[in-house]
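The values are calculated or read from the model by the stated rules, or taken from the named source; none is laboratory data. Since the model is a prediction, treat every value here as computed from it, not as a measurement. Every residue, glycine among them, receives a Cβ derived from its backbone with ideal geometry; neighbour counts consider all protein chains shown. SASA here: full protein model, heavy atoms, side chains in, ligands and nucleic acids out. Shrake-Rupley method; radii C 1.70, N 1.55, O 1.52, S 1.80 Å.
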Amino acid sequence: MSSTHGFSENDIRPRELMAEKQKYVDADLTYLLSRHAEFVEVACPACDSQKEIFKFEKSGFSYRECLSCGTLFMNPRPSQAVLRDFYATSQNYQFWNRHIFPATEAVRRDGIFRPRAKRLSDYCRKFGVTTHTLLEVGAGFGTFCEEMRSLNLFERIVAVEPSPDLARTCRARRLEVFEMPIGEISASFTADVIASFEVIEHLFSPYDFIMQCASLLKPGGLLVITCPNYRGFDIATLKTLSNSIDHEHLNYFHTESLPLLLQRCGFELKEVQTPGTLDAELVRKHALSGALDLNNQPLLREILVERWSKLGQRFQDFLAANCLSSHMWVVGMKIAVEGRSSL
Ligand SMILES: [Zn+2]
């Protein structure tokens, strides 16, 4: 698909780099599995229910689905200590930071970060929030913060980035950086808006994370989270073939279960959207390679293969507009007026 959204999967994940990346992913997998004895059992990350059903295994990890809310989650999962060691030493992360992100930043800036900054600004206006301080948790290269700065909407923009390598990149871009996990941010700091893109699916405890966000937000402040939507088209169709289901992603919320978690943590749900652009292309690739058999799904075959040039983009637009894409945005407003929690 020559996407009207400005980028294809190959632009943001170039084929040659992705092929080289595989050996680092394999090294990461081997490391995590070597510490399997330290994995721990958890309740549902969205609703805290302990009623769950085994769904499948992939690459040696076990995934279960909550019988109450339908969230999929890795269980058992690496402990907090294992995750800390994993992200501090991950070869795959180093490779992304040193090669893939730098090689693709221009197209990511145009295709992902600029639209992301615009969408966040639109939410701020739509919900009438104060725009003094913006905090981004997991700022990475700092590209989103740079784009927000260029919009001149916030007086202060703070990048939370615990990884020393990435924090250095953010500082080189003259961004204000908190080089620490969100839980260590000073109790005197408050934000009007907290944004976190593609972070929550990696976390041991999404509940603790959302509560930490709540404790840093002013009442009436906005929390904006993006992550994969487990019930979106590419994940629901590809299942274990989906690259979204991997060893780094512990939590697979959907358009009802992430709102549930926000509400448990004292947020009023303001918006759920799935402005994804890649679902159809990702499923089509698997069909073309033969990994996904569409012989018994003639309608999908017609849309994704036979009439792709005419229907592909329209189909993707339909998915995005109807909360059926696998890329999800959830926006909540802090309603609790109480002080900080003890978290
Ligand atoms: Zn649940």
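Here A287 meets the list (1) free of Cβ contacts under 8 Å to residues at least 60 places away in the same chain; (2) closer than 24 Å to L29 by Cβ; (3) surrounded by 18 or more Cβ atoms within 10 Å (Cβ to Cβ) almost entirely, failing just condition (2). Mind listing whichever residues of the stretch 33-48 are away from the ligand (no atom under 16 Å from the Cβ) and in contact with a helix residue (DSSP H, G or I) (Cβ under 6 Å, 6 or more places away or on another chain)? Correct list: R35, E38. Scanning the stretch 34-61 for residues that are free of Cβ contacts under 8 Å to residues at least 24 places away in the same chain and part of a loop (DSSP other than H, G, I, E, B) yields a count of 4.
A quick yes/no check of all residues on (1) in contact with a Ser or Thr (Cβ under 7 Å, 6 or more places away or on another chain); (2) of a type outside the set (A, V, I, L, M); (3) over 20 Å from M328 (Cβ atoms):
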position: Y87; (1), (2), (3): no, yes, yes
position: Q94; (1), (2), (3): no, yes, yes
position: H99; (1), (2), (3): no, yes, yes
position: E105; (1), (2), (3): yes, yes, yes
position: L120; (1), (2), (3): no, no, no
position: L153; (1), (2), (3): yes, no, yes
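Within the stretch 300-323, the set of residues being over 22 Å from T255 (Cα atoms), within 28 Å of the chain's Cα centre (by Cα) and aliphatic (A, V, I, L, M) comprises L300, I303, L304, L311.
In the stretch 62-72, is there at least one residue being over 21 Å from the mean Cα position of the chain (by Cα) and of a type in the set (D, E)? Checking the stretch 62-72: not a single residue is over 21 Å from the mean Cα position of the chain (by Cα) and of a type in the set (D, E). Take the conditions (1) modelled with pLDDT of 95 or more; (2) farther than 17 Å from L203 by Cα; (3) more than 16 Å from the ligand (Cβ to nearest atom); A27 misses just one of them, which is (1).
Count of the stretch 116-156 residues, restricted to those that are surrounded by fewer than 21 Cβ atoms within 10 Å (Cβ to Cβ) and touching a Cys at 6+ places or on another chain (Cβ under 6 Å), is 1. So, in the stretch 233-277, of the ones that are within 14 Å of the ligand (Cβ to nearest atom) and over 15 Å from the mean Cα position of the chain (by Cα), which residue ends up most open to solvent (accessible area, probe 1.4 Å)? Applying the filter and picking the extreme gives E256. Within the stretch 194-219, residues that are in contact (Cβ under 8 Å) with a residue 40 or more places away in the chain and more than 22 Å from G142 (Cα to Cα) reach partners that are open to solvent by 30 Å² or more (accessible area, probe 1.4 Å) and polar (S, T, N, Q) with beta carbons closer than 8 Å, at six or more positions or on different chains, in the pairs F204/Q80; S205/Q80; M211/S341; A214/S341; S215/S341; K218/T130; K218/T190. Scanning the stretch 51-90 for residues that are within 16 Å of the ligand (Cβ to nearest atom) and of a type in the set (F, W, Y), we see that the one that is farthest from H249 (Cα to Cα) is F54.
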